[in-house]
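Report on the structure given below.
Nothing in this text is a laboratory measurement; each read-out follows from the coordinates by a stated rule. Values in this document were obtained by computation on a predicted structure and should not be read as measured data. Glycine gets a Cβ as well: all are built from the backbone with ideal geometry, and neighbour counts include every protein chain shown.
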Amino acid sequence: MRRKFVFVLTTIVIILSVAGCADIGRRNLSSFEQNKICYDRQKEPYTFVVDAHMHSRPFGGTPVPFFELTEYFNKTGVLFVNMFGIGQLLPVKSPCTYYLDCPGTPVLPSIKNDFANAANYLECKPQGVQIILAMTFMDLADPEGIVEMIRLYDKEYPEIFKWAGEVNLVKQALFNNGHRPVTKGEIDKWAEFMKLLKDRNIPITFHSDLGNNDEPTKFQDLMAYVLQKYPDNKIVWAHMGLSKELSAMDVAEHIQIMKSFLDKNPNLMLDVSWRVLDDNYFSKPAYRDLYVKFFNEYSERILPGTDFVASRDKDFNVYKNELEVNSNIFRYVNDEAFRNIVLGENYFRLLGLNYHAPQICD
């Protein structure tokens, strides 16, 4: 009887382990190492295999368990994940999981989510998905101490964090929670930590609103100033500067601004994550055609992502839907853009990873 009990218990443990960390996706990581089998766009998914912008921790409350989250990736065929925490947290006693539900409550930078990510990652050792962890704690308005804190990360979790961000240069949605735009004087004080990131070949993702519906380019100069001050850093501009506050910008003007930034700054890349972009722009055929043309032309400068925030009130179906919505526009790009963006060639090149996107089948 005791032997039977031990057998059953062992079986349960194995099942739970497999469900949490096994690869059950369509393609696997080795196919991106060997690069022998071409990708058939007519038969294989249009959804991206690289989620270069997702948050495994919420602003407050309970997160989706790490093992469950890795299962989301396996089930959807996402093989590479840029895993952000959330650098700005609601107070521990706050009942909210989302800052917009608590106007007036301060949302402050913290290291808690980064350390939780690292601990979960090392404990689970996920199989079948390649995860890059990001440092999200940085308070860009108060840069003193950032390098010292990175040294602490080095001590506690050596060589684990290979990305920085998403960090906020200006995020209007947080204005009611104590956030304000970073000033040019404060940007001048970033030199030490930006040099450290550059020396380590660590990209940094900035959330920097371009503007709002009343003033579409109100904050444009802030990102321009960052790029002028730190031209040698690998910088990713989250959401192409768009947001809920900028939901009705002239598309031709927006694309021209993005082209100008890319032409002047060879180390800049654009992140096109967040369903707000699809809801307000990409889902409208006339707008979509313009963005598809832009993506085809600048296909080596674009990164995809869901911007999924893994709070416990969400589940696999939410992640799957976010993946599909944020991938919709890529149905229409040409093969070169599909390979660079959807199949991850840009991401591999940016990080110097030993993976290669498959060629597109004739």
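Under 8 Å for C-alpha pairs, at least 6 residues apart: give me the relative contact order for segment 121-245, rounded to a whole percent.
The normalised contact order for segment 121-245 reaches 25 percent.
Where in the chain are the helices, taken as whole DSSP H runs, whose Cα atoms extend 24 angstrom or more along the long axis and whose Kyte-Doolittle mean reaches at least -0.5?
Details: long enough: 2-21 (29 Å, 1.61).
In the chain, the long hydrophobic H runs are 2-21.
Would you kindly calculate the mean projected area, averaged across all directions, of the convex hull enclosing the Cα atoms of segment 218-269, in square nanometres? Each step should come with its number before you reach the end.
Values: hull surface 14.1 nm².
With the hull built on Cα positions only, its mean projection is 3.5 nm².
How many angstrom lie between the Cα centre of segment 312-327 and the Cα centre of segment 241-274?
24 Å
Among DSSP bridges having both ends in the chain, what percentage is antiparallel? Round to the nearest 5.
Around 15 percent of the beta bridges assigned by DSSP in the chain are antiparallel ones.
If you take every residue apart from P45 with its C-beta less than 10 Å away from the C-beta of P45, what net charge results, scoring Lys and Arg +1 and Asp and Glu -1?
Taking every Cβ under 10 Å from that of P45, the sum is +2.
Once you list every other residue whose beta carbon is under 12 Å from the beta carbon of N334, what net charge do they have if Lys and Arg are +1 and Asp and Glu are -1?
+1
Which net charge results for the neighbourhood of P203, defined as the other residues with beta-carbon distances under 9 angstrom from its beta-carbon, given Lys and Arg at +1 and Asp and Glu at -1?
Summing Lys and Arg as +1 and Asp and Glu as -1 gives +2.
Using only the Cα atoms of segment 2-351, each taken as one equal point scatterer with no solvent, compute I(q) by the Debye sum, divide by I(0), and report log10 of the ratio at q = 0.12 Å⁻¹.
Results for segment 2-351 at q = 0.12 Å⁻¹ read -0.87.
Fewest first, what order do F175, F261, F206 take by the number of other Cβ atoms within 10 Å?
Ascending number of Cβ neighbours within 10 Å: F175, F261, F206.
Kindly identify segment 170-316 as rounded, prolate or oblate by the Cα gyration tensor criterion: order the square roots of the eigenvalues as a ≥ b ≥ c, call it rounded if a/c is under 1.5, otherwise compare a/b with b/c, prolate if a/b is larger, else oblate.
Rounded.
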